[in-house]
Every structure is written in C-alpha cells, then in structure tokens.
Amino acid sequence: MDQQLLRRLREEVADRLSAQRREDIASGLPPMSSEDERQFARAVIARVLEAHARTEIAAGRTPPDQSEETELADGIHAALYGVGRLQPLLDDPEVENIDINGCDHVFVGYANGEERRLAPIAESDDELVELVQVLGAYSGLTSRPFDTANPQLDLRLPDGSRLSAVMGVTQRPSLSIRRARLSRVSLDMLVDSGTMTPDLASFLSAAVAARKNIMIAGATNAGKTTLLRALANEIAPHERLITVERALELGLGEFPDLHPNVVSFEERLPNSEGRGAIQMADLVRRSLRMNPSRVIVGEVLGDEIVTMLNAMSQGNDGSLSTIHANSSLEVFNRICTYAIQSAERLPADATMMLIAGAIDFVVFVERRNEFERGGELRRLITSVREVNGVDGRVLSSEIFAEGPDGVAVPAAPVACIDDLQRVGYDPAAFGAVV
C-alpha cells in the first residue's frame, strides 16, 4: 500500500469529518455517537476514494482496482479509528507483545518466546504520536489526551489489547502493547496450555464457586489478567459483576452468554485544569453501592488496596484482583507497602489484620521463556497460598507448591475444605492433601 497516498486520503477524510462536526454544532444537532461516526466515516471514505479514482482517470493514470480500493478504505478507517500499520500485527494470533521505541524501532514477541525486529509502523515519530492520539480519542470510555501536557497514556485497544505510551520523558515517543490473545479463556484452556494441572483447575473452580476472595500475583506479563478472566468465567451468569480498572482491559461484558450483567468502571484522568479526576479508590467505593454480586479490581497499584480490602472483609465475598509481586509470600509485604502510602496511612500491623480478614487465597503465576535454549515460552501457576490468620504477621500455608515440571501440585491440607466441599469439590478425587 502507498503510505503517502493513504496518509493524504486519511487527512482529507479527517477534514471532512471535522467539518461535519462543526456543521452539526452550528445547527444545534447532538454529536454523533462513536458508532454512528464510524459508519459515517465509511461513507465519507467511499466518496473520497471515488473522487480520487476520477482524478487518476482524468490525469491519464490507472485508478486503484477493487481490491486496492478496499485495502485503501480499510487502511484509512484503521488509521482514523484503529491502529494503522499496527493492525496486521494485532491480527496475527501468534503476536504477544509489541514494543516500539520511536517509529522505526519495532520489536515483536511471539507466543513461542521468539523476539524479532520488524519494519517501521510509521513514517516519523510525529506520525507515531498522531496514531496514539487517535487511539486515545476513541478507545476508552472518555477521550484521553496524549501530548506534552499529558505525556503518559494507558488504554485498552478495540481488540482488548493493552497499550501504554510515553513521550517527552523519553528521547523518542515509545509504546508497548500487550496482546489479549485469550479473551474468552477458561480454566480448561489453561490446563491444555500447561499453565495448571486438572487438580488445580478443579480447586480454583471450587474456590470461585465458594465465593473465596482470590488475589492473583506475578511479575509483568506473567499472565495475571488471563488467569483473572478464566476465574471470572467460572462465575455463574446470574451474578452481577462490577469491574474496576485504570484502563478497560478485562472485557467481561463482551460475552453476554457468560456474563450478561456487567458494569465496567474506568479511572478518569484530570482535565487540562487538573479537575474531574476519579481515582480507583473512589470507583471501588462507588461499586459497592451498585448492588454487586462480586467486585473485580483489574490491577492493584496503589491506595485503592485499602478500600478493596475493606470491601472484601465487609461481606463482599468472591472478589478477584491482581497485584505485582515476586512470590506468593511477598504479596503481603507488597500490600503493606501500598497501604502505608495510602491516605489512611495504615501501619503494618493494622494492614496485616485487614489482609487476614479479607483475602482467602493468593495464586502466583510465572512466565518462563526458554526459547533461546531450544524450549518455548511457558506460563505456570507455581504456588497457591491460603491465608490462615494473623499473629503480628499474616499466617499462611502453601497448599499448592511447585512440582517437578514447574506446575503447582498439592502440598498441604486446605483449612477451608468444608466450604469447598459444599460446592462439590472432592479433595480425594482431585489429589488434594487431606
């Protein structure tokens, strides 16, 4: 595809769309919805391509044929509302991560653990910034700016992937995209991929059914969100789910057969005057007033931890969340660190008591890339820890520990086994330690 032609036609379509918006405002008409504007853009693109074909014929040149015109139309629409030349990478089911350090430094990680450097995805850094700005304007619940005054951006792309971009604080604009390769994921799928054993899958399914509060821990890109989706998909369809995220990513409401009753909250950033921000902690509080069956917090990164733990310990059982940590045991110290930095300034002993009353299980997932040694990329659950109480510190037992092949296997008795048996869990049948 001729990228210069694509850029010129896209700018012409964008100008026409802007003119239509101004005309609607002047006429007192309400603004078009995002979906209406996208459909209107398709009609504008068709008119622009028709005019381009006439110009080519008049100049004695060959106009684009039908397939080329279709490719141009899709490219223009993707550049306006999608991800432009990133789209082929997002369409590749084997792509896991995309890292871009300036327009011409593109690095891609694949599902087998291989990493490659690919061709540029923009003609210049300015075009790369413009691409991110378009995504920020259309991908979230509200428009998110990306400029010198707002040099950081986190958002969920239309396909469910997570994008993080920065400018101004780096020599060149940079972004990372974490692909959502498994959105409609189940525990059985994770068993098939080797992430967990059937025994552990049965245990986790029972823990969700018994409304146990579960914290999923791991390093960056370990597979925490995928595991969270799989656990959430074990929740019965009749339950009302409230999700709270910094940038929409879980997408549980996209599958009405699994979860017909979902409300998704997204943190709102301040405007150019520093006003209008709605923080994660505020959204967690608000979620408790929305008649939730369960509250799911996509990722804990700050002072929302205190609000979430309070919610868990006050009758909102069955909550799920993720947190960054290097081991299942380290999760408790990490929560203490967040709590002492919160507005409540909770001391460590108070936080330990709060953890003991709120969290039932910590599930730790690891990412191991053995591609360079002739192996492959693996994501494994290596530890499950049960919270048993508090005595100056959180008391816990590792009920599933790393086995010979890396995947967690039963290692200690489960204290709340009666609760799990009431929802059909048979520890003898599934190999649990009794």
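The values are calculated or read from the model by the stated rules, or taken from the named source; none is laboratory data. Note that the coordinates shown come from a computational prediction; the quantities given were computed from them, not determined experimentally. We place every Cβ from the backbone using ideal geometry, glycine too, and count neighbours over all the protein chains shown. Calculation scope for accessible area: heavy atoms of the full protein, side chains included, ligands and nucleic acids excluded. Shrake-Rupley method; radii C 1.70, N 1.55, O 1.52, S 1.80 Å.
Averaged per residue, the chain has 47 square angstrom of accessible surface, using a 1.4 angstrom probe with ligands and nucleic acids left out. Between the Cα long axis of helix 34-58 and the first principal axis of the chain there is an angle of about 30°, rounded to the nearest 10.
Per atom type, region 289-383 shows carbon and sulfur on 45% of its accessible surface, probed at 1.4 Å. Centre-to-centre, using Cα atoms only, region 270-300 and region 1-60 are separated by 37 Å.
Using a probe of 1.4 angstrom, how much of the accessible area of region 44-191 is carbon and sulfur, in percent? Walk me through the numbers on the way to the answer.
Details: 3510 of 7140 Å².
Heavy-atom surface of region 44-191 belonging to carbon and sulfur, 1.4 Å probe: 49 percent.
Quick one: helix 3-26 against the long Cα principal axis of the chain, what's the angle to the nearest 10°, folded into 0 to 90? For helix 3-26, the angle is close to 90 degrees. Take the Cβ atoms of residue 342 and residue 24, set R0 to 56 Å, and the FRET efficiency comes out at 0.80.
Averaging sequence separations of C-alpha pairs under 8 Å and six or more residues apart, then dividing by the length of the chain, give the relative contact order as a whole percent.
Working: 807 pairs, mean separation 50.7, N = 434.
Reported as a whole number, the value is 12 percent.
Matching the structure-derived semi-axes √(5λ) of the Cα gyration tensor in Å against the labelled list (1) 35, 26, 22; (2) 45, 25, 20; (3) 49, 25, 20 gives the label (2). Counting only alpha carbon atoms, the long axis of helix 198-209 and the longest principal axis of the chain meet at about 90°. Once you reduce region 349-418 and region 226-256 to the center of their Cα atoms, the two points are 22 Å from each other.
Sorting 390-396, 111-117 by their mean Cβ neighbour count within 10 Å, with the most densely packed peptide first, gives 390-396, 111-117.
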